[in-house]
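Colleague: Mind having a look at this structure? Questions to follow.
The values are calculated or read from the model by the stated rules, or taken from the named source; none is laboratory data. Note that the coordinates shown come from a computational prediction; the quantities given were computed from them, not determined experimentally. Every residue, glycine as well, gets a Cβ built from its backbone with ideal geometry; the counts of neighbours run over all protein chains shown.
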Amino acid sequence: MRCTVWFLAREDYVRLIQYNPRLSHLLNHLFAERLQRSSSTIAELSSEDSRKRLGRLLLDLLAKSGGKDSAKGVISVPLTREELAQMIGTTRETVVRQLYELRRQRLIDIQSRRIVILDRQGLKKLL
């Protein structure tokens, strides 16, 4: 997966949004969504247990992966256990235990380095 990062000088950014109100509106909307998502994440990290946070993350990753894999329940974003742990504010060991428990409950399966959601509704019930 490739990513291109562009930098825009502050002066150029200000000039750009002054002359393009539609762009300004779209960017404000984007920033508001990100701020709301960040607030939700903070609330989840402080109040939900690790299983709920992991379940929510897996469902979010599945929704973002899209395509044929997503329809089959396959999370196509390759992440290590450590990365999953960092994303939900816990340890790698906790993620391993929670993944094992979700697998034991037949909510997910782990195939090589991919996670497959077997029961979306069951996973949603954990939330």
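Colleague: Return the residues of the stretch 1-20 that are of a type in the set (A, V, I, L, M), out of contact with any helix residue (DSSP H, G or I) (no Cβ under 8 Å at 6 or more places or on another chain) and part of a helix (DSSP H, G or I); say none if nothing qualifies. Give the derivation first.
Modeller: We begin by selecting, within the stretch 1-20, every residue of a type in the set (A, V, I, L, M); these are 1, 5, 8-9, 14, 16-17.
Filter again for out of contact with any helix residue (DSSP H, G or I) (no Cβ under 8 Å at 6 or more places or on another chain), leaving 1, 5, 9, 14.
Listed by number, the list holds a single entry, 14.
Colleague: If the Cβ limit is 7 Å and pairs must be 6+ apart or interchain, which residue in the stretch 79-99 that is without any contact (Cβ under 8 Å) to a residue 24 or more places away in the chain pairs with which residue that is in a helix (DSSP H, G or I) and among the small types (Gly, Ala, Ser)?
Modeller: Matching pairs, first to second residue: 91/85; 92/85.
Colleague: Among the residues of the stretch 96-119, how many are β-branched (Val, Ile, Thr) and either in a helix (DSSP H, G or I) or loosely packed, with under 14 Cβ neighbours inside 10 Å (or both)?
Modeller: Residues flagged as β-branched (Val, Ile, Thr) and either in a helix (DSSP H, G or I) or loosely packed, with under 14 Cβ neighbours inside 10 Å (or both) within the stretch 96-119 amount to 2.
Colleague: Quick check on residue 93: is it of a type outside the set (A, V, I, L, M, F, W, C), under 17 Å from the mean Cα position of the chain (by Cα) and in a helix (DSSP H, G or I)?
Modeller: Working: of a type outside the set (A, V, I, L, M, F, W, C): yes; under 17 Å from the mean Cα position of the chain (by Cα): no; in a helix (DSSP H, G or I): yes.
When the stated conditions are applied, residue 93 does not pass them.
Colleague: I would also like to ask the following. What pairs come up if the first residue lies in the stretch 21-45 and is in a helix (DSSP H, G or I), the second is among the small types (Gly, Ala, Ser) and surrounded by 10 or more Cβ atoms within 10 Å (Cβ to Cβ), and their beta carbons are under 9 Å apart, counting only those six or more places apart or on different chains?
Modeller: What qualifies is 41/89; 44/89; 45/89.
Colleague: Filter the stretch 20-45 for residues that are within 19 Å of the chain's Cα centre (by Cα) and modelled with pLDDT of 90 or more and give the result.
Modeller: Keep residues of the stretch 20-45 that are within 19 Å of the chain's Cα centre (by Cα), which gives 30-45.
Passing the criteria: 30, 31, 32, 33, 34, 35, 36.
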